[in-house]
1. State whether the residues of the range A:6-15 include one that is modelled with pLDDT of 95 or more, within 14 Å of chain B (Cβ to nearest Cβ) and either more than 13 Å from DNA strand D (Cβ to nearest atom) or touching a His at 6+ places or on another chain (Cβ under 8 Å) (or both).
2. Condition test on A:Ala38, is it among the hydrophobic types (A, V, I, L, M, F, W, C), surrounded by fewer than 14 Cβ atoms within 10 Å (Cβ to Cβ) and modelled with pLDDT of 95 or more?
3. Only one of B:Tyr88, B:Tyr19, B:Tyr42 is of a type outside the set (Gly, Ala, Ser), within 14 Å of chain A (Cβ to nearest Cβ) and within 16 Å of DNA strand C (Cβ to nearest atom); which?
4. Do we have any residue at all in the range A:146-162 that's more than 17 Å from the chain's Cα centre (by Cα), more than 7 Å from chain B (Cβ to nearest Cβ), of a type outside the set (Val, Ile, Thr) and not in a helix (DSSP H, G or I)?
5. Of the residues A:Arg130, A:Arg165, which is crowded, with 18+ Cβ neighbours inside 10 Å and at pLDDT below 90?
6. Within the range B:37-47, is even one residue in a helix (DSSP H, G or I), small (Gly, Ala, Ser), within 16 Å of DNA strand D (Cβ to nearest atom) and in contact (Cβ under 8 Å) with a residue 24 or more places away in the chain?
7. Take B:Ile101 and decide whether it is surrounded by 19 or more Cβ atoms within 10 Å (Cβ to Cβ), in contact (Cβ under 8 Å) with a residue 24 or more places away in the chain and away from DNA strand D (no atom under 16 Å from the Cβ).
Protein chains: 2
Amino acid sequence: MQDKRGHLIEVAEQLFGQYGFEGTSIRQLAKEAGVNIAMISYYFGSKEKLVQAIIETKGQRFQNYIRDLDPVENADPWRKIEKVIEFYVNMFSNNPHFQSIVFREVALAQRSEVAESIAKMVAGNMSAIRQILEEGIQAGVFRQVDVPMTVAMMVGTIRQILQYRRISDQVLTFFEPDSSEKVTESMIRDRVYAFLVDLFRQHLLIRNT
Amino acid sequence: MQDKRGHLIEVAEQLFGQYGFEGTSIRQLAKEAGVNIAMISYYFGSKEKLVQAIIETKGQRFQNYIRDLDPVENADPWRKIEKVIEFYVNMFSNNPHFQSIVFREVALAQRSEVAESIAKMVAGNMSAIRQILEEGIQAGVFRQVDVPMTVAMMVGTIRQILQYRRISDQVLTFFEPDSSEKVTESMIRDRVYAFLVDLFRQHLLIRNT
DNA sequence: AATTCAATCAAACGATTGTTTAGTTTTGCA
DNA sequence: TGCAAAACTAAACAATCGTTTGATTGAATT
């Protein structure tokens, strides 16, 4: 193994996401990653700074994406919104552990440096979406909606669906009460996307019929 | 102090909500509650069974409420929906610690008995809302929406707003970028309610203009 | 007054926590 | 080849973890 530090971040992301920060021990992590327990202190300084490293390393991936929508889909706010929804659905679906860590850290607000990194990351993405929305409003294509609430609605909906669907049969059958066939992740993903696009269309678009 | 068991549940709810299950020690809890550490095992058997007791004791409050909407606001689905939104906004706002515990337990899915209790509680409330929605659909007042997604959207939005607003200045200023005055809990509560009512109106109601 | 039983306590249980130490191995460069 | 720096290890560190023990208190019952 070459990149032991990177591998530790990878394994830690998975374990912290699955069992929580306090619920994961250094020894469990070291064993899972196949390294000596002293390596965590050696590479990161402390367990706390390891979370920090996860947030900062993995978080960068999501930082620049939304900004890149701007040149691609030029001057069509609605197309951009669709892309944003698609991006967030995929992001939450593909990085459940990372998302668990992020939102748990926000909720607990114990490790202040971590919370600071997250706040910066979130604020960046939020203001990008806000910009798209306000662009559409000023272009006369979108209604004058409550922008922060709209953003929170999108993220909150996706989180709620993807978090709950992993859980017990009772809630699972709630999603698919009649059909007995297995509900796959991609089915859920498509359904959330379709729902949100429909919701945003009615919430956002000015009807000119 | 008379009801030491009840008081322990009260304090444990606050601490588990604030610091998480693994992040709260028995000694910290005992100290905060002003009882001997042996009392937790004495009353509940174990730390794990204490969470179970919290969920079951506090959870009952929310079980029967929605069912009671039925006789009160008879035969007006939209009025019921407004009431449901109001109820959920208040519930999440007034019981942040309880909600933190519930959703963290769902996300971690470590303690299976706890998850089972929660699933039962959630399933009960969900099916009540589902019934209201389907009533409205069959009465021809509501559009034929994706019911589970709609419910998840409501809950997810409220959670997202109330959870994030407790956090750092950067996200707070996102909510109120221009005004410098303090954002109060009740302001947020009113704003989420107004947003959701507006959203549901467009999402749900069939326009007969 | 004697007995019973639940409530409460300080103290100790072994296990596990995150971190450090002191020593060894490996690596890359002169 | 020699040597310093980096990588890595087993072992120990003190602290804390959840739980149990055994003794003591208090109030109610016989």
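The values are calculated or read from the model by the stated rules, or taken from the named source; none is laboratory data. Nothing here was measured: the structure is a model prediction, and the numbers come from that model. We place every Cβ from the backbone using ideal geometry, glycine too, and count neighbours over all the protein chains shown.
1. First, pick out the residues of the range A:6-15 that are modelled with pLDDT of 95 or more: A:6-15.
From what is left, the residues that are within 14 Å of chain B (Cβ to nearest Cβ) are A:14-15.
From what is left, the residues that are either more than 13 Å from DNA strand D (Cβ to nearest atom) or touching a His at 6+ places or on another chain (Cβ under 8 Å) (or both) are A:14-15.
Yes, the range A:6-15 contains a residue that is modelled with pLDDT of 95 or more, within 14 Å of chain B (Cβ to nearest Cβ) and either more than 13 Å from DNA strand D (Cβ to nearest atom) or touching a His at 6+ places or on another chain (Cβ under 8 Å) (or both).
2. Values: among the hydrophobic types (A, V, I, L, M, F, W, C): yes; surrounded by fewer than 14 Cβ atoms within 10 Å (Cβ to Cβ): yes; modelled with pLDDT of 95 or more: yes.
In short, yes.
3. Details: B:Tyr88 fails: within 16 Å of DNA strand C (Cβ to nearest atom); B:Tyr42 fails: within 14 Å of chain A (Cβ to nearest Cβ).
Matching residue, one of B:Tyr88, B:Tyr19, B:Tyr42: B:Tyr19.
4. Taking every residue of the range A:146-162 in turn, none turns out to be more than 17 Å from the chain's Cα centre (by Cα), more than 7 Å from chain B (Cβ to nearest Cβ), of a type outside the set (Val, Ile, Thr) and not in a helix (DSSP H, G or I).
5. Numbers: A:Arg130 fails: crowded, with 18+ Cβ neighbours inside 10 Å.
Just one listed residue meets the conditions, A:Arg165.
6. Pass one, the range B:37-47, residues in a helix (DSSP H, G or I): B:38-44, B:47.
Cutting the leftovers down to small (Gly, Ala, Ser) gives us B:38, B:41.
Going one step further and asking which of them are within 16 Å of DNA strand D (Cβ to nearest atom), we end up with B:38, B:41.
Keeping just the survivors that are in contact (Cβ under 8 Å) with a residue 24 or more places away in the chain gives none.
Checked the range B:37-47: no residue is in a helix (DSSP H, G or I), small (Gly, Ala, Ser), within 16 Å of DNA strand D (Cβ to nearest atom) and in contact (Cβ under 8 Å) with a residue 24 or more places away in the chain.
7. Working: surrounded by 19 or more Cβ atoms within 10 Å (Cβ to Cβ): yes; in contact (Cβ under 8 Å) with a residue 24 or more places away in the chain: yes; away from DNA strand D (no atom under 16 Å from the Cβ): no.
So B:Ile101 fails the test.
Okay, residues lined up against (1) within 12 Å of chain A (Cβ to nearest Cβ); (2) touching an Asp or Glu at 6+ places or on another chain (Cβ under 8 Å); (3) modelled with pLDDT under 95; (4) surrounded by fewer than 17 Cβ atoms within 10 Å (Cβ to Cβ):
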site: B:Asp68; (1), (2), (3), (4): no, no, yes, yes
site: B:Pro77; (1), (2), (3), (4): no, yes, yes, no
site: B:Ser112; (1), (2), (3), (4): yes, no, yes, yes
site: B:Gly140; (1), (2), (3), (4): no, no, yes, yes
